[in-house]
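The values are calculated or read from the model by the stated rules, or taken from the named source; none is laboratory data. The structure displayed is predicted, hence computed values, not measured ones. All Cβ positions, glycine included, derive from the backbone under ideal geometry; neighbour counts span all protein chains shown. For the accessible areas, the whole protein counts, side chains as well, though only heavy atoms, and no ligand, DNA or RNA atoms are used. Shrake-Rupley method; radii C 1.70, N 1.55, O 1.52, S 1.80 Å.
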Amino acid sequence: MTQTTPIADRLPLLRRLGIRTPIIQAPMAGVSTPALAAAVTNAGGLGSLGVGAMDAEAARKAIRETRALTSGPFNVNVFCHAPAVADAAREQAWLAYLAPRFAEFGATPPAALREIYRSYVTDDAMHAMLLEERPAVVSFHFGLPDAGRIRALRDAGIVLLASATSLDEARAIEAAGIDAIVAQGIEAGGHRGVFDPSAVDEGLGTFALVRMLATQTRLPVIAAGGIMDGAGIAAALALGAHAAQLGTAFIACPETVADGPYREALLQARKRPTVLTRAISGRHARGLANRFTELGAAAGAPATPDYPTAYDAGKALHAAAKARGSADFAAQWAGQAVPLARALPAAELVAALASELAASARGLGELAETLG
Ligand SMILES: Cc1cc2nc3c(=O)[nH]c(=O)nc-3n(C[C@H](O)[C@H](O)[C@H](O)COP(=O)(O)O)c2cc1C
């Protein structure tokens with residue numbers, strides 16, 4: 001009998017994360033739930049909670065609900081964007097631009113916009129809560145917190161992950177003492193994790209980014225963006241990743257809080273392409289094209305307010321439309337490979353992904369033998 005190497009010897013990040021299969025369910029603010037995270041963890045992957053849009057007490061409740069459903073490790077994801085800078089003129093111009101769309105649904109835009117959630121970089125209550133609750137893993141999106149916060153989380157025994165969309169961001173993550181890098185390609189659904197939204201974005205694809213980070217940094221890499229099945233995970237591992245982080249693949253699971261029109265749109269995604277837009281939230285994010293993304297791309301569209309201030313307007317417009325039965329202005333985040341989405345319970349999806357991965361790996365083994 002051939003001796004096989006335990007998977008955690010080949011992919012040591014799995015031992016660090018305490019998981020059996022190299023599958024991470026992406027944190028998805030507004031979509032992922034304790035039930036989803038627990039189901040993925042119980043199936044051998046790493047479940048994640050996206051608490052970026054929550055305050056500390058709501059996040060604590062979500063962590064405790066997850067703990068009631070699993071004794072395994074899970075990831076808690078926070079946003080580390082530079083806090084929004086108020087700009088009344090820009091905000092009023094944006095509201096004036098959206099006003100006819102509000103009127104279409106018998107509503108008026110809000111008089112002013114608010115920064116609807118705080119960045120973890122200034123949220124002391126969130127930081128204190130994480131140190132008290134001590135989830136096994138914490139991940140950062142849109143940048144990094146300061147060295148003091150990173151040291152405190154590490155000293156509490158928490159494994160730290162951070163998203164990078166470029167080699168420079170990955171180097172900053174490595175220098176900051178983070179444990180692993182989530183390499184997020186341009187294919188990815190949801191917000192791009194770019195640190196500085198005003199800098200040039202090369203828009204690197206998952207293939208190019210994963211390979212660059214796997215060879216040019218010393219940290220384990222987690223591939224994210226456009227991965228929907230075991231063949232995609234196998235490809236990421238072949239490029240040198242230790243695990244894959246999948247978001248869009250999990251949205252249609254019954255454990256998420258995606259609403260009916262979002263689920264339907266996902267499963268009929270061949271009808272609509274995905275596009276990157278900053279019109280909905282103020283930062284680039286990939287979702288299914290709709291009237292909101294068209295509005296953002298239209299000639300003469302004014303500049304969006306800062307993230308997440310623009311999201312205040314975006315959510316208000318969606319609520320006005322939804323109240324009249326329209327999903328035309330929804331944030332339906334999805335990655336480029338959304339036509340491969342499946343509506344399976346999360347445990348079944350993880351089992352399917354793991355068996356597809358094994359089949360793809362066997363296929364690669366056979367290919368290797370053929371190549372001699
Ligand atoms: C609906 C949705 C919400 C997301 N929310 C977050 C989030 O809160 N935090 C985060 O780090 N990434 C978030 N992401 C990005 C994912 O971490 C990941 O990069 C992406 O899902 C990978 O691409 P895929 O969707 O093609 O699998 C989100 C993605 C989606 C689809």
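All but one of (1) in a helix (DSSP H, G or I); (2) more than 24 Å from A352 (Cα to Cα); (3) open to solvent by 20 Å² or more (accessible area, probe 1.4 Å); (4) in contact (Cβ under 8 Å) with a residue 24 or more places away in the chain hold for A208, so report the exception by its number.
Just one mismatch for A208, condition (4).
Can you tell me which of (1) touching a strand residue (DSSP E or B) at 6+ places or on another chain (Cβ under 7 Å); (2) within 11 Å of the ligand (Cβ to nearest atom); (3) outside the structural domain of H141 (by TED's automatic domain parsing) is the one A244 doesn't meet?
Among (1) touching a strand residue (DSSP E or B) at 6+ places or on another chain (Cβ under 7 Å); (2) within 11 Å of the ligand (Cβ to nearest atom); (3) outside the structural domain of H141 (by TED's automatic domain parsing), the lone unmet condition for A244 is (3).
Can you confirm whether T293 is surrounded by 16 or more Cβ atoms within 10 Å (Cβ to Cβ) and assigned to a helix (DSSP H, G or I)?
Yes: the conditions hold for T293.
Here is a list of conditions, (1) more than 18 Å from R16 (Cβ to Cβ); (2) open to solvent by less than 40 Å² (accessible area, probe 1.4 Å), and V221 meets all of them except one; can you say which number that is?
Among (1) more than 18 Å from R16 (Cβ to Cβ); (2) open to solvent by less than 40 Å² (accessible area, probe 1.4 Å), V221 violates only (1).
Residues to consider are I173, I181; find the one that is away from the ligand (no atom under 11 Å from the Cβ), within 30 Å of L340 (Cα to Cα), buried (at least 24 other Cβ atoms within 10 Å of the Cβ) and in contact (Cβ under 8 Å) with a residue 12 or more places away in the chain.
Answer to the selection: I181.
List, please: which pairs have Cβ atoms under 6 Å, are six or more places apart or on different chains, and start with a residue in the stretch 284-302 that is under 20 Å from A96 (Cα atoms) and of a type outside the set (D, E, K, R) and end with one that is within 16 Å of the ligand (Cβ to nearest atom) and open to solvent by 20 Å² or more (accessible area, probe 1.4 Å)?
Within 6 Å, the pairs are T293/V275.
Exactly one of these conditions fails for I19: (1) in a loop (DSSP other than H, G, I, E, B); (2) within 16 Å of the ligand (Cβ to nearest atom); (3) open to solvent by less than 40 Å² (accessible area, probe 1.4 Å). Give me its number.
Going through the list (1) in a loop (DSSP other than H, G, I, E, B); (2) within 16 Å of the ligand (Cβ to nearest atom); (3) open to solvent by less than 40 Å² (accessible area, probe 1.4 Å), I19 breaks only (2).
If the requirement is being surrounded by fewer than 20 Cβ atoms within 10 Å (Cβ to Cβ) and in contact with a Leu (Cβ under 7 Å, 6 or more places away or on another chain), which of these qualifies: A359, A347, A343?
Residue meeting the stated conditions: A343.
Which count do you get for residues in the stretch 80-112 that are among the charged types (D, E, K, R), surrounded by fewer than 20 Cβ atoms within 10 Å (Cβ to Cβ) and assigned to a helix (DSSP H, G or I)?
Of the residues in that region, 3 qualify.
Just need a number here: residues in the stretch 305-340 that are assigned to a loop (DSSP other than H, G, I, E, B) and either within 20 Å of the chain's Cα centre (by Cα) or buried (at least 24 other Cβ atoms within 10 Å of the Cβ) (or both).
Qualifying residue count for the region: 12.
Report the residue count in the stretch 27-41 for those that are crowded, with 24+ Cβ neighbours inside 10 Å, part of a helix (DSSP H, G or I) and touching a residue at least 60 places away in the same chain (Cβ under 8 Å).
Total meeting the criteria: 3.
Out of the stretch 64-74, which residues are more than 15 Å from V31 (Cα to Cα) and either within 16 Å of the ligand (Cβ to nearest atom) or assigned to a strand (DSSP E or B) (or both)?
Listed by number, the list holds a single entry, F74.
Given the criteria in contact (Cβ under 8 Å) with a residue 40 or more places away in the chain, away from the ligand (no atom under 16 Å from the Cβ) and more than 20 Å from the chain's Cα centre (by Cα), does G44 qualify?
no
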